[in-house]
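Below is one structure, written out as structure tokens; the observations come after it.
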């Protein structure tokens, strides 16, 4: 595993001020609370109040990163944002966020970012990770020049009320500073990738026929009107709009000053943040892409097994997603050699006597045995030491989409700080995923003292200090 001395130097975060206990949601929806807390690892979800927008969350994380680490804003060559909660179909959301950054740092009018490359990236939940690897390559291409970049993952994960994704919602932003000689983690040069175009989770641009929409509205209101009369109204609105533009071609925001029926064309297009998704299929895509990414990684790194990584850092649609899918990875890396050797002593010690006398072909593809293995003392012990530290923040926040895998890293750091664990010199593996679908795996080596990063010291205390809201407030804010 090759590693140049480039990686994550600092990390900061911003989360909404309010949270909804998952028990409140479960009881309101008629779900056994234990199913969500014990089954999925959910304790509470971050909820945005009106006015807490994705650009503001992104900006707050960048401001913390700059102020806590004494960074000169003019020294930042790139600021890349990964998000699937964009405010605009053209202008990058990061440019909106920079307005907040400049105001917070009293930099308005200073043009301090005039030479900074600012970009939004979108590939569902893996976009910030993609952005991080791109910025690492940019730094690596000019060794010794002191290049620095900031990458932000910021999202508001919002699902339809009463949907199967509702209890996984969350929000927040994580920003990382990337440079040479980092203080938190050195990132590896090798990247394993798995890609296949899928529709496991997506946010389509919905189209509605204008005439049919008006007919539906008339029916809803109990108004009797003919189709030709409705079409005449639409034609008149479009004509009025054309006349307005002809009189004042430079008028800005023309559409905002007109009825929606005046927008040209037969359809109305609506963009919604709530996704179309298939949870079970998405889980399968997640596992398949990571299996492919791990295989691709192994092709590039000789004599390597995934069990060589002492910490596994996952993208977490819900807190326990990583431990659920990692069973198979652990089986391939740890159990397969023992089964093939017929090591009965080791299998007995692991509490897996059920595997004695079986071939790997009988074990590896057996779903029932996989469930047994997932409940074994050996696998639970593995999860506790290797995966669980990265789950703690997700349990209290919910899904952060693009910020999730970075928050998992911060959770590992905060857990180590709280428990007095020394991470320096240990190797972690990132398991990143974005629906649509793509998986990536990369190794990182913790730097001595990384667990004492400022954000790691405060994370769990900040999460505990959030204000609790009731279920009716949550529903009102959701709307």
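The values are calculated or read from the model by the stated rules, or taken from the named source; none is laboratory data. Being a predicted model, the structure only gives us computed values, none of them experimental. Note: ideal-geometry Cβ built from the backbone for every residue, glycine included; neighbour counts use all protein chains shown.
In this structure, is residue 190 in the same structural domain as residue 400 (by TED's automatic domain parsing), surrounded by fewer than 24 Cβ atoms within 10 Å (Cβ to Cβ) and within 30 Å of residue 474 (Cβ to Cβ)?
Judged against the criteria, residue 190 is not a match.
Quick grid of which residues meet (1) touching a strand residue (DSSP E or B) at 6+ places or on another chain (Cβ under 9 Å); (2) modelled with pLDDT of 95 or more; (3) assigned to a loop (DSSP other than H, G, I, E, B); (4) not assigned by TED's automatic domain parsing to the domain that holds residue 156:
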position: 372; (1), (2), (3), (4): no, no, no, yes
position: 413; (1), (2), (3), (4): yes, yes, no, no
position: 417; (1), (2), (3), (4): no, yes, no, no
position: 428; (1), (2), (3), (4): yes, yes, no, no
position: 445; (1), (2), (3), (4): yes, yes, no, no
position: 461; (1), (2), (3), (4): no, yes, no, no
position: 473; (1), (2), (3), (4): yes, yes, no, no
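Take the conditions under 20 Å from the mean Cα position of the chain (by Cα) and within 19 Å of residue 81 (Cα to Cα) and apply them to residue 397. Does it pass?
Working: under 20 Å from the mean Cα position of the chain (by Cα): yes; within 19 Å of residue 81 (Cα to Cα): no.
No.
Given (1) surrounded by 15 or more Cβ atoms within 10 Å (Cβ to Cβ); (2) closer than 26 Å to residue 439 by Cβ, where does residue 346 come up short, assuming only one miss?
Checking residue 346 against (1) surrounded by 15 or more Cβ atoms within 10 Å (Cβ to Cβ); (2) closer than 26 Å to residue 439 by Cβ, the one that fails is (2).
Return the only residue of 24, 75, 44, 37 being surrounded by 21 or more Cβ atoms within 10 Å (Cβ to Cβ), assigned by TED's automatic domain parsing to the domain that holds residue 403 and modelled with pLDDT of 95 or more.
Details: 24 fails: surrounded by 21 or more Cβ atoms within 10 Å (Cβ to Cβ); 75 fails: surrounded by 21 or more Cβ atoms within 10 Å (Cβ to Cβ); 37 fails: surrounded by 21 or more Cβ atoms within 10 Å (Cβ to Cβ).
Just a single option satisfies the conditions, and that option is 44.
Are any residues in region 251-271 in a loop (DSSP other than H, G, I, E, B), touching a helix residue (DSSP H, G or I) at 6+ places or on another chain (Cβ under 7 Å) and modelled with pLDDT of 75 or more, and if so, which ones?
Matches in region 251-271: 263, 264, 266.
Yes/no per residue for (1) surrounded by 14 or more Cβ atoms within 10 Å (Cβ to Cβ); (2) at pLDDT below 95; (3) assigned by TED's automatic domain parsing to the domain that holds residue 122; (4) touching a strand residue (DSSP E or B) at 6+ places or on another chain (Cβ under 9 Å):
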| residue | (1), (2), (3), (4) |
| --- | --- |
| 198 | yes, no, yes, no |
| 209 | no, yes, no, yes |
| 227 | no, yes, no, no |
| 238 | yes, yes, no, no |
| 247 | no, yes, no, no |
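Kindly provide the set of residues from region 96-111 that are touching a helix residue (DSSP H, G or I) at 6+ places or on another chain (Cβ under 6 Å) and either exposed (fewer than 15 other Cβ atoms within 10 Å of the Cβ) or under 16 Å from residue 65 (Cα atoms) (or both), ordered by number.
Result: 97, 100, 101, 104, 108.
Which one of 372, 363, 405 is touching a helix residue (DSSP H, G or I) at 6+ places or on another chain (Cβ under 9 Å), free of Cβ contacts under 8 Å to residues at least 24 places away in the same chain and within 24 Å of residue 285 (Cα to Cα)?
372
Which of the strands (runs of 3 or more DSSP E) contained wholly in region 155-237 include at least 2 residues that are closer than 21 Å to residue 281 by Cα and touching a helix residue (DSSP H, G or I) at 6+ places or on another chain (Cβ under 9 Å)?
Those strands (runs of 3 or more DSSP E) span 185-195.
Considering only residues that are within 12 Å of residue 148 (Cβ to Cβ), in a loop (DSSP other than H, G, I, E, B) and out of contact with any strand residue (DSSP E or B) (no Cβ under 7 Å at 6 or more places or on another chain), which ones fall in region 41-89?
Across region 41-89, the qualifying residue is only 72.
Kindly indicate whether residue 111 is farther than 17 Å from residue 81 by Cα, in a loop (DSSP other than H, G, I, E, B) and modelled with pLDDT of 95 or more. I'd like the intermediate steps shown before the answer.
Numbers: farther than 17 Å from residue 81 by Cα: yes; in a loop (DSSP other than H, G, I, E, B): yes; modelled with pLDDT of 95 or more: no.
When the stated conditions are applied, residue 111 does not pass them.
Is one or more of the residues making up region 133-150 in contact with a helix residue (DSSP H, G or I) (Cβ under 9 Å, 6 or more places away or on another chain), in a loop (DSSP other than H, G, I, E, B), surrounded by fewer than 15 Cβ atoms within 10 Å (Cβ to Cβ) and touching a residue at least 12 places away in the same chain (Cβ under 8 Å)?
Yes, region 133-150 contains a residue that is in contact with a helix residue (DSSP H, G or I) (Cβ under 9 Å, 6 or more places away or on another chain), in a loop (DSSP other than H, G, I, E, B), surrounded by fewer than 15 Cβ atoms within 10 Å (Cβ to Cβ) and touching a residue at least 12 places away in the same chain (Cβ under 8 Å).
Matching residues to (1) in a helix (DSSP H, G or I); (2) at pLDDT below 95; (3) not assigned by TED's automatic domain parsing to the domain that holds residue 35:
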| position | (1), (2), (3) |
| --- | --- |
| 285 | yes, no, no |
| 290 | yes, no, no |
| 339 | yes, yes, yes |
| 348 | yes, yes, yes |
| 357 | no, yes, yes |
